[in-house]
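Have a look at the structure below, then the notes.
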Amino acid sequence: MEHNATFPIKNSELAILREEASSYLKGIQWEQGYKAKNRDKTSGKEDNILLYLSKATSGTDATAVASVSKTILALKKRLLPNSTAIPIHLNQTLFSVQEGITIGIWLKDSYYDASGLSVLNEGKSNLSSDQKREFESKQNTATAFMLFGSAYFILHQLKDLASDDLSVMKNKFSGIPELSLQSPLKGISCALFYYEKYLSHPEIITSDKDVIDFTVVYFEALIDEIELRKNSLDHTEVITDRTYKLEDSEFAVSGWENVFTGAAKSVEFNKIRFEEIVGNRDAKHFARRLTERILSYDFNAKKNPFQELGGFMPVFMGYGIPGTGKSMLIAAIATMLKERCDHLDIPFLFHPMPDTLISTFQGGSAEKMVQWMKPMQDPNKIIFAPIDDAENNLQERTAQGVSAGVKEVIGVFLRYTEGAYAVNYGNCSVGLFTNLPEQLDKAVISRIQGRFKIDGARTIPDFLDQDYLWWNKLNNTLPDFVNMKTPKYQFLSEQGLAANMGEILDKVEKPTEERIAEIYERVEKKHKTSEHMFFADFYKEIQKEFPFFSSRDIRNIQSAISLRLTDFDLPSEWFENPKLYFQKDYETKFSSLQGLMKDNMGNLNFSDIRRQEVIRYIDNMAIIADTDFKRKVEQQVTHMNINQEARKVFENGK
């Protein structure tokens, strides 16, 4: 559901609730349920954490007291025995947990008022049976939302401080034995009871850093438990239709959304240089521009100056026949971004779409896709998210036999690239790579703001260089083994990067696709290509021939033209000395780029660029549509031939 309203979480209101939150940390009482009390007693492992938890209670009624603050003090004495100071991670954890509970209480109170639970609560001694059921149901939802908000804020505060690898802590952790949603008091008491018991276990916390690591693992598990139950909750409309944003902070709660789900770590990749890729001048040039633009992102302003200049591509596509270097290009982009991010000392996330995204369970594919898309909303790192073989997961939804899972994935992709959930800081770019662009969903294609052909080796120097990269390795191993005559050509000299798109597109004068060329010539007889009217008339005629051509396509053409206007090199000294540009404030960066853009525009002819990009885009669009049609015709012809041959075999067999 779209979040159509944002409400502030005011610091002044949190200050009033902080004392209540602090009281929960000082001490709560919890009566363990029978299953939790007796869980895993049969394992025979005396050191089992769950057995330890059950032994931690006292009395015949299994009611126990837990005090997080006392346990924190005990940890302080154990971790820093000869100091009066509180260890830094311990202190950060205690503060984050307290603030998380405070925000949870605020969200619970907000839900009480918005859902009408406050009114039911005031008159709960005189409720009818229906009202009692409503009261209990809303209590459960309020408790779940309170715990979710608390855990979510704690993760927001501590996730980046935790270790990259939490597997050791997760192995120590045995889950949360029980979760109570009966009432807010019981919910927080139950959650803090097990949190404190884990904290006090001598083998869980062995260092100050373990406190943060365990807290992240515990509250991630708490959110997972709520995720499992949220579909059974009623009266959630006033949770899912709004966003709550903390005053003077980036933190916001939008329904049950969780950006920390499956928190992304950069995937390993083979390092490849652009000069190792033969041919593909267009693709290599595009890739280089992408890296320069995305690295201009300003971490303080949370935006990219190239967005204002019109030269940034949140979604792009590389396409070509199999074997032309798509996977190599993905690795080359990742290599350049990683090396430059390391040099500039900024975090980088290589975040390819996993192959296992489509689920056989209803709703499972959408959930996995959300988990993959969520990390791209993180404004604190540079993100490159390639989708290799994009036609597998983003296939045309109207095609016969397309699974429900593919439709779910596309639905999420569209929402997160341009919709209610779309967030574009200018630090993330999604790249679609495909052999079959005609099989991509039309709505997905319309989201693509930059596209380039990956066509591999095309010239004699390309083929010479492709062979050279192979036999030169043999030559290095055994110098006299490759005993063939070499040409008068400096190997790899033709594989350099183009200075600008003009070098690549200087031959684009007329459309190559037959129907487009016919329309182009017809309109050109009425208007010169240097007139605005030419393009308006041309678009109208194109729309008659291709009804799916829309305003979004025109916006994409405009984006492509803007890319050409920003098609300039960043000075090499900016990379050598980051203080000259990359470490400047946003306004200085923007001003520097404006100067480069003005110099670049002085060498360009606007009407020529506009004509080139319009031809390039519409030619490409028509070729994709035509290929799809031809493929369907070929399939039908093949099917008819098979039927005809089968009939002959059948008749001869008789």
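Residues checked against (1) closer than 30 Å to residue 79 by Cβ; (2) assigned to a helix (DSSP H, G or I):
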{"position": "110", "(1), (2)": "no, yes"}
{"position": "145", "(1), (2)": "no, yes"}
{"position": "180", "(1), (2)": "no, no"}
{"position": "185", "(1), (2)": "no, yes"}
{"position": "206", "(1), (2)": "yes, no"}
Hey, any hits in the stretch 216-237 for a residue that's within 22 Å of residue 251 (Cβ to Cβ) and touching a strand residue (DSSP E or B) at 6+ places or on another chain (Cβ under 8 Å)? no
Are any of the residues in the stretch 19-38 more than 20 Å from residue 190 (Cβ to Cβ), modelled with pLDDT of 90 or more and within 40 Å of the chain's Cα centre (by Cα)? yes
Can you name every residue in the stretch 441-464 that is more than 16 Å from residue 284 (Cα to Cα), out of contact with any strand residue (DSSP E or B) (no Cβ under 8 Å at 6 or more places or on another chain) and not polar (S, T, N, Q)? 442, 443, 460, 461, 463, 464
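Pick from 224, 248: which is among the acidic types (Asp, Glu) and outside any helix (DSSP H, G or I)?
That would be 248, the only listed residue that is among the acidic types (Asp, Glu) and outside any helix (DSSP H, G or I).
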In the stretch 583-628, which residues are farther than 25 Å from residue 345 by Cα and not in a helix (DSSP H, G or I)? 602, 603, 604, 605
Can we say residue 329 is assigned by TED's automatic domain parsing to the domain that holds residue 295 and either farther than 28 Å from residue 456 by Cα or in contact (Cβ under 8 Å) with a residue 60 or more places away in the chain (or both)? yes
Do you know which of the residues in the stretch 330-356 that are among the aliphatic types (A, V, I, L, M) and touching a Pro at 6+ places or on another chain (Cβ under 9 Å) is surrounded by the most Cβ atoms within 10 Å (Cβ to Cβ)? 333
Checking residue 332 against (1) assigned to a helix (DSSP H, G or I); (2) out of contact with any helix residue (DSSP H, G or I) (no Cβ under 6 Å at 6 or more places or on another chain): exactly one of these is not met. Which one? (2)
Where residue 523 falls short, out of the listed (1) farther than 29 Å from residue 410 by Cβ; (2) modelled with pLDDT of 85 or more; (3) not in a helix (DSSP H, G or I): (3)
Among the listed residues 598, 630, identify the single one that is surrounded by fewer than 14 Cβ atoms within 10 Å (Cβ to Cβ) and closer than 28 Å to residue 288 by Cβ. 598
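This table checks each residue for (1) of a type in the set (Lys, Arg); (2) within 28 Å of residue 620 (Cα to Cα); (3) under 20 Å from the mean Cα position of the chain (by Cα).
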| site | (1), (2), (3) |
| --- | --- |
| 314 | no, yes, yes |
| 318 | no, yes, yes |
| 342 | no, no, no |
| 352 | no, yes, yes |
| 356 | no, no, yes |
| 395 | no, yes, yes |
| 408 | no, yes, yes |
Among residues belonging to the stretch 447-471 that are aromatic (Phe, Trp, Tyr) and in a helix (DSSP H, G or I), point out the one that is surrounded by the fewest Cβ atoms within 10 Å (Cβ to Cβ). 470
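Rundown of residues vs (1) in the same structural domain as residue 415 (by TED's automatic domain parsing); (2) farther than 26 Å from residue 347 by Cβ; (3) surrounded by fewer than 14 Cβ atoms within 10 Å (Cβ to Cβ), yes/no style:
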| position | (1), (2), (3) |
| --- | --- |
| 172 | no, yes, no |
| 177 | no, yes, no |
| 185 | no, yes, yes |
| 189 | no, yes, no |
| 206 | no, yes, yes |
| 209 | no, no, no |
| 213 | no, no, no |
| 239 | no, yes, no |
| 251 | no, no, no |
Which is within 25 Å of residue 241 (Cα to Cα) and of a type in the set (Val, Ile, Thr), of 102, 84? 102
Could you please tell me which pairs satisfy a Cβ distance under 7 Å, a separation of 6+ or placement on different chains, a first residue in the stretch 120-138 that is within 18 Å of residue 180 (Cα to Cα), and a second residue that is charged (D, E, K, R) and part of a helix (DSSP H, G or I)? 135/124
Would you be able to tell me the number of residues in the stretch 530-565 that are of a type in the set (Gly, Ala, Ser) and not in a helix (DSSP H, G or I)? 2
If you go through the stretch 619-654 one residue at a time, how many are closer than 30 Å to residue 509 by Cβ, at pLDDT 80 or above and of a type in the set (Ser, Thr, Tyr)? 0
Out of all the residues in the stretch 472-493, is one or more farther than 30 Å from residue 598 by Cα, touching a helix residue (DSSP H, G or I) at 6+ places or on another chain (Cβ under 9 Å) and part of a helix (DSSP H, G or I)? yes
Filtered residues of the stretch 562-580 (kept if of a type outside the set (S, T, N, Q) and in contact (Cβ under 8 Å) with a residue 40 or more places away in the chain): 563, 564, 565, 567, 568, 569, 570, 575, 578
Complete set of residues in the stretch 73-103 that are within 20 Å of residue 211 (Cβ to Cβ), of a type outside the set (S, T, N, Q) and at pLDDT 90 or above: 94, 95, 97, 99, 100, 101
Residue set 318, 323, 279; condition in a strand (DSSP E or B) and outside the structural domain of residue 470 (by TED's automatic domain parsing); output residue 318
Looking at (1) touching a residue at least 60 places away in the same chain (Cβ under 8 Å); (2) surrounded by 16 or more Cβ atoms within 10 Å (Cβ to Cβ), can you tell me which one residue 607 breaks? (2)
Set 402, 444, 423: member being in a loop (DSSP other than H, G, I, E, B) and within 17 Å of the chain's Cα centre (by Cα): 423
Might you check whether a residue that is over 22 Å from residue 290 (Cβ atoms), free of Cβ contacts under 8 Å to residues at least 12 places away in the same chain and either outside any strand (DSSP E or B) or of a type outside the set (A, V, I, L, M, F, W, C) (or both) occurs anywhere in the stretch 341-351? no
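The values are calculated or read from the model by the stated rules, or taken from the named source; none is laboratory data. Worth saying up front: this structure is predicted, and the values here are computed from it rather than measured. Note: ideal-geometry Cβ built from the backbone for every residue, glycine included; neighbour counts use all protein chains shown.
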